[in-house]
Amino acid sequence: WKPPVPGGRRGTVKQLNVGGKLFALEASSLPISLSLSPSPNTIFVDRDPALLSAILSAIRAPSAAPAFPAGVLLDEAHSYGLHDQLLAALSPPPLVGFSASRASTLSPSSEPFPTALAPRHDGSLCLAHGAGLLTHYSPALEHLTTFRTHLHRITSLRQLPPGLAVAGSSLSPGLHVYDLLKGRHVASVQWSDPTDLRVQKAKVIAIAARPAADAADKNSPILATFECPHRENCILVFDPVTLKPIQEIGRQTGSAAKSSAPGRVVHLQELGLVFAASVSSGAFGYSGYMRLWDIRSGDVVWETSEPGGVGRSSRFGDPFADVDVDVKQQILYKVCSKSGDIGAADLRCLGKDPWVYMSSGPRGSGGGHGSVLHCYKSQVFVSRKDGLEVWSRLEEQSNGTANLAEQTRAKENINNKGINENCFRSCYVDTEEDADRGMIHIMEGGGDRLFVTREEMQGVEVWETSQLAGAISLSLSSLLV
């Protein structure tokens, strides 16, 4: 059997004798030392043929359970240049929220209560848990390393290539870099200002870093929100290679809710903007703000605060409980704390009241108190007291299969508001058993997986789309025709 190799030159086959068993592989899929071998005879490779057979079987039939642990096969696949193909075969189908379900649960052996998650585009995961522990999982979700950091509790975490993680704690000052493969501390960065004695012992509240999925992402800067004991705060921009601060954005005193440290930071690199939001809750409900900064000048280009402020005309008294940005679609989403409705605003046409609101289904009567909102793969995942809800745009609007009236109405709404609320549909994807486990505390997407933690619950839930999602059911009569 010859596995397909995208972009490779087909037709050149190499005979391999792997531990006494013959295999025929495309030369373009082999390491250069084997593919360029001038010998016309069979090349002998002193490795286990059972592992290669399992690798080829896994690539040929991805839905079948592999005969060996995934980590063992992935390591062995490097020897034959089949690692990328095997990883693609072992990965779950594309994440579709409407058909997602809990596939497994990751539970560290020690102190398994998660405090922060940092997945990557390949589906791997770095997990902070317990008293400053970091656990690293491979793209096949096999345990790689666990080590204890010098931080007492890690509350913000992001992965950096190659094999690095940047972490911050709400209890300890500084931004810290760790080598996940060697399990050691690499570097620390502090926010300091010799002209302002109040700027010292600043703790990290939020981190924005794009794990490199391609060469262009490797130069993406690291953004981190720092807050001092006297509430002074700002967003620092770091060079991803030298880890030196290159820019300071939005310094403020933090003496009021409208100037508190942002708890969410998103770098909109294509637009040259930085989005930041802060939300707090108390006996009188929620309050917070959203801002957009021009990363080149450091000026605020748009902002709103709730309750009150810009945009209060349509939903005054129903402030947001959480907010996130769909970077690809350039849409800002929020969940209202009282009604639980979802608000959407087009980043390309923000104004005084840019929000379009969408109401949930029958299960959404619990409001939005305590809700967590996360945008991933052009889908909006919202946790509620009664379950996990996903919002997505109807495909019919993009592929032209909707009826003429709906297409006309959608075009009118897009021209007027930038967003057509009729194009969105929602669905609860969890079962009653899932909802009974508790309120979702953290949600992060990575690869084709959604990683979920719940309040006062051990471990991390891994949500994936079933291999049977989208399958066409055939009736008996159709089979007999």
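The values are calculated or read from the model by the stated rules, or taken from the named source; none is laboratory data. Treat the numbers as computed from the prediction; the structure is a model and nothing was measured. As a convention, Cβ positions derive from the backbone with ideal geometry for all residues, glycine included, and neighbour counts pool all protein chains shown. Remember, those area values only see protein heavy atoms, side chains included, never the ligands or the DNA or RNA. Shrake-Rupley method; radii C 1.70, N 1.55, O 1.52, S 1.80 Å.
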Whole-number D in µm² s⁻¹ for segment 239-287, Kirkwood Cα-pair radius fed into Stokes-Einstein, 20 °C, 1.002 mPa s:
164
Note down the nm distance, to one decimal, between modelled labels 7 Å out along Cα→Cβ at Lys328 and at His152.
4.1
For segment 96-157, what size does the Cα cloud have along each of its three principal axes, sorted from largest down, in whole Å?
40, 21, 20
Solvent exposure of segment 259-306 as accessible area per residue, Å², 1.4 Å probe:
41
Given points 7 Å out from each Cα along the Cα-Cβ axis, report the Glu455 to Ser188 separation in nanometres with one decimal.
3.3
What Kirkwood radius, in Å to one decimal, follows from the Cα pairs of segment 112-197?
13.1
Assuming R0 = 45 Å, can you tell me the calculated FRET efficiency for the pair Ser101 and Thr195, based on Cβ-Cβ distance, to the nearest 0.05?
0.25
Could you compute the FRET efficiency for Gln252 and Glu433, with r as their C-beta to C-beta distance and R0 at 51 Å, rounded to 0.05?
0.70
Considering only protein heavy atoms and a 1.4 Å probe, what is the carbon-and-sulfur percentage of the accessible area of segment 238-329?
53
Those residues of segment 179-206 whose amide nitrogen sits under 17 Å from the label point placed on Ser109, 7 Å along Cα→Cβ:
183
Obtain the nm distance between the two label points defined at Ala283 and Leu271 by a simple spin-label model: each point lies 7 Å from its Cα along the Cα-to-C-beta direction.
3.8
5 Å-binned pair-distance histogram of segment 225-339 (Cα, whole percent):
2, 11, 20, 23, 20, 14, 6, 2, 1, 0
Based on the Cα gyration tensor of segment 124-275, what are the three equivalent ellipsoid semi-axes, each the root of five times an eigenvalue, rounded to whole Å and given largest first?
26, 19, 13
Exactly which trypsin sites (Lys or Arg not before Pro) in segment 39-120 are in a DSSP loop and have at most 16 other Cβ atoms within 10 Å?
Arg47
Filter the trypsin sites (Lys or Arg not before Pro) in segment 246-311 down to the DSSP loop ones having no more than 14 other Cβ atoms within 10 Å, then list what survives.
Arg296
